[in-house]
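These notes concern the structure reproduced below.
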Amino acid sequence: MKIITLGTGSGKPTLRRNVSAVALVREGEWLLFDCGEGTQLQIMRAGLAPSKLAAIFITHLHGDHFNGLAGLLSTMGLDGRDRNLTLVGPPGIRQYLDTLAGLKILNVSFPLQVCEFASFAFRPKPGEATVSDSLAKVARVVYESEKYFVEAMPLLHRIFTLGYRVQEKPRPGRFNVDKARSLGIPEGPLYGRLQSGHSVQLSDGRVIHPSDVLGPPRPGKAVAYCTDTRPCDSASWLSRDADLLIHEATFTEDLASEAYDYGHSTARQAASIARDSNVRRLLITHFSPRYSDASALLDEARAIFPETVLAEDLLELEV
Ligand SMILES: [Zn+2]
Ligand SMILES: [Zn+2]
């Protein structure tokens, strides 16, 4: 998996930073998280093919996270897209697109599946063992493919906002060639069948099971995307043991009360979530335009969580 940050600023675009959008690229297709204004230009600059975009996930209906959506959908229509596209987002996103379509402003000419995550207030029920037990019941799988799935859960912002987690399914264990040879399995197609999880029968009648020649299943990787939000239990749950947490860090800690009032996090708070959720790496993003130099945000986060990376537009990060 690879992450490409398409926009890393909050509120409005600047010459240095476009507004929120992140691409997650894996095996011939990619996913888009948020689609601020100008995202389609950033997609071109990143060398991503819109025809290979499988799904879009919008966090919330603040302009800096979705104002590029209608333009991107129009362009994909002009380009003759016929592949299905899934769009996941908060309630209201369907009405927004329907209104544009009703006014003949937008004409989506390819199959678009819109999935709205129903709004609700989260409260742990009395008697439940931990907060995370309650949260696990709130999370919804909003997108699934053969090799991974995406979960969503409400964050804590000024309006209804969704956080996301991309979780790869476990991969089969490594194929032990020495073991296969010692069992007398002839090299060739039988290796492939075992590797893909099927038992095979040899010419002498013996049946070989995948577990005879494969190591233990290898866990899939996980990436969490949490913006915009105050530090919250949902962000911790979504990012548990993740290989990468992408978390907003709109302000430095000296502006913690502003961050709270506007439903945002400081760099220090983002780093605390990363540390407490046992993530491997943290990517901080969504910086206030007041920081022409974002190094103070990075220093602040690294003091708490050293494995922090500062997002820049068009940064590529292997996961
Ligand atoms: Zn924002
Ligand atoms: Zn917002």
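The values are calculated or read from the model by the stated rules, or taken from the named source; none is laboratory data. It should be emphasised that the depicted structure is a prediction, and the values quoted were computed from it without experimental measurement. In this analysis, Cβ positions are derived from the backbone assuming ideal geometry, glycine residues included, and neighbour counts consider all displayed protein chains.
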Qualifying positions in region 254-280 - in a helix (DSSP H, G or I), buried (at least 19 other Cβ atoms within 10 Å of the Cβ) and not charged (D, E, K, R): 259, 267, 269, 270, 271, 273, 274
From the options 249, 311, 303, 256, residue that is small (Gly, Ala, Ser) and touching a helix residue (DSSP H, G or I) at 6+ places or on another chain (Cβ under 6 Å): 249
Any hit, region 281-296, residues being without any contact (Cβ under 8 Å) to a residue 40 or more places away in the chain and more than 29 Å from residue 25 (Cα to Cα): yes
Selection count, region 147-163, where residues are of a type in the set (Ser, Thr, Tyr) and within 13 Å of residue 248 (Cβ to Cβ): 1
Subset tally (residues that are at pLDDT below 90 and touching a Leu at 6+ places or on another chain (Cβ under 9 Å)) for region 179-206: 2
Sole residue being in contact with a Leu (Cβ under 8 Å, 6 or more places away or on another chain) and under 25 Å from residue 34 (Cα atoms), chosen from 261, 241, 228: 228
Lone qualifier among 243, 254, 233 - being more than 15 Å from ligand 2 (Cβ to nearest atom), modelled with pLDDT under 95 and more than 24 Å from residue 192 (Cβ to Cβ): 233
Within region 64-83, considering residues that are within 16 Å of ligand 1 (Cβ to nearest atom) and without any contact (Cβ under 8 Å) to a residue 40 or more places away in the chain, the one nearest to residue 11 (Cα to Cα): 66
Residues of region 33-63 satisfying the condition of being more than 11 Å from residue 7 (Cα to Cα) and within 16 Å of ligand 1 (Cβ to nearest atom): 57, 58, 59, 60, 61, 62, 63
